[in-house]
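The values are calculated or read from the model by the stated rules, or taken from the named source; none is laboratory data. All values reported here derive from a predicted model rather than from experimental measurement. Cβ coordinates were reconstructed from backbone atoms using ideal geometry, including for glycine residues, and neighbour counts include every protein chain displayed. The protein model used for the area step is the full one, side chains on, heavy atoms only, and it has no ligands, DNA or RNA in it. Shrake-Rupley method; radii C 1.70, N 1.55, O 1.52, S 1.80 Å.
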Amino acid sequence: MYIINFFLLSFLVIASSAANSYVLKLVESQSRTSLISSIDLLKPSRTLLQNGEELSLIPDVWQDAKSSAVLDYGERLSMYVYMMVKDSLLIHFSHKVDESIWMLAETESKFFKVTTALRSGNHYFKIHPTEDPTTLTQLDQVLQAFTPFQSAVHQIISQNATNTSDLDALVQTSPSLLQEISALKVLYSDSMQLPAQLEMETAARLRTNSLKMMTEYLFVVAKYEVDTYNATLALAVSDFDTTLSDLSNGNDEKGLSAPNDPQLFQWLNLVEQTWRGEQGLKRVMQIYPTVFRMDYLSEEITPFVGKLNMVVATYGMTGTIPPSPPMGLPPPTPSKKNDSHVLGVGVTLVFGLSLLTLPLFKEQ
């Protein structure tokens, strides 16, 4: 009888542990569900995370120098536009639609957060409020140009656009938005004189151009104005290659100094390896675009942009780079409070079940 009671108690403990694990997963699932419902771009019939897979987000970093942060985030606005075009095209291909919608919502949120920070200041982004009337007017111009572009993006999402003609509005609205952002960046750049400013701005444009190449690649895959985008893609690849060499080795004619910071040299070396390696992005982009290679590029472009992001950040500050959370909505995880609560429930359940088996021992 003692042996039977022992096995019965062991079974109850194992069962309670399983229940504990189930409740923990349920809390995590509920946390994700509540986050998903907060994103307006997501259709009710679509789910963000499939099979519990976490999405990879481009990392953001703290900036010590407030002026360099303005230059960085000003350039990020252009990068965000290309990110939204990229994800709109992936939706056009019905490629990882749920993930692409998530990224669109994330990027749109970042765009508005950055424009607000540039206008009103933001301690988190290390940005002072803008007081110059000309710059404030230009910020308004950026937001006005963003409205039709945003509508074109939302139309692709809502209609699951698969015809190339559905991309016309996206192509027509993005150039004017990028032009207004460029005018804003010029205002910021001309008002500053910072150490390594030229290098930082060059690295920031390189980061943006990596996504520009990706969008041009996708337009060719979509067979949208193939000759035009094939030509611009070839030029973009060549320009990216030259600019990366200039940053890595220096270029006196362009006023670019070779890196002398070990951390900066390390990040540039990682970018070089990803770009020029045997299976590097340069090699893939120089081969005629296909859907098969599009899958590879769509997976590799995010970590590549992340490495370029760290190059920009290192130019913008000195010393080590402390990590920071993403600017937008991070993939949700259960809080410590929820963990403690669930674990407490598990311990209580085990203790209660042990008490229930106590009379069985007394009977012996």
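Values for this structure:
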| item | result |
| --- | --- |
| Length released on extending from GLN286 to SER94, taking residue separation times 0.36 nm less the Cα-Cα span | 66.7 nm |
| Trypsin sites (Lys or Arg not before Pro) within the range 189-239, DSSP loop, no more than 14 other Cβ atoms inside 10 Å | LYS223 |
| Net length gained if the chain between GLU278 and GLN155 were fully extended (0.36 nm per residue, minus Cα distance) | 40.4 nm |
| Built amide H within the under 5 Å cut-off of ILE127, gap 5+ | ASN122 |
| In Hz, Karplus ³J(HN,Hα) per residue of the range 147-156 (6.51, -1.76, 1.60; θ = phi - 60°; x = Gly, Pro) | 4, x, 5, 4, 4, 5, 5, 5, 5, 4 |
| Amide H contacts of ASN251 (H built 1.01 Å from N, under 5 Å, at least 5 apart or other chain) | LEU256, SER257, ALA258 |
| Accessible-area order (highest first, 1.4 angstrom probe) of the listed residues LYS86, LYS307, LYS254 | LYS254, LYS307, LYS86 |
| Separation of the VAL186 and SER238 label points, Cα + 7 Å toward Cβ, nm | 2.5 |
| For the range 271-286, Karplus couplings with θ = phi - 60° (6.51, -1.76, 1.60), whole Hz, Gly/Pro x | 5, 4, 4, 5, 7, 9, x, 4, 10, x, 5, 4, 4, 5, 6, 7 |
| Most positive-pole-ward Cα, GLN155, SER189, PRO129, against dipole of the range 128-263 from beta carbon charges | GLN155 |
| Estimated distance in nm for a label pair at VAL226 and ASN251, the labels positioned 7 Å out from Cα along Cα-to-Cβ | 3.2 |
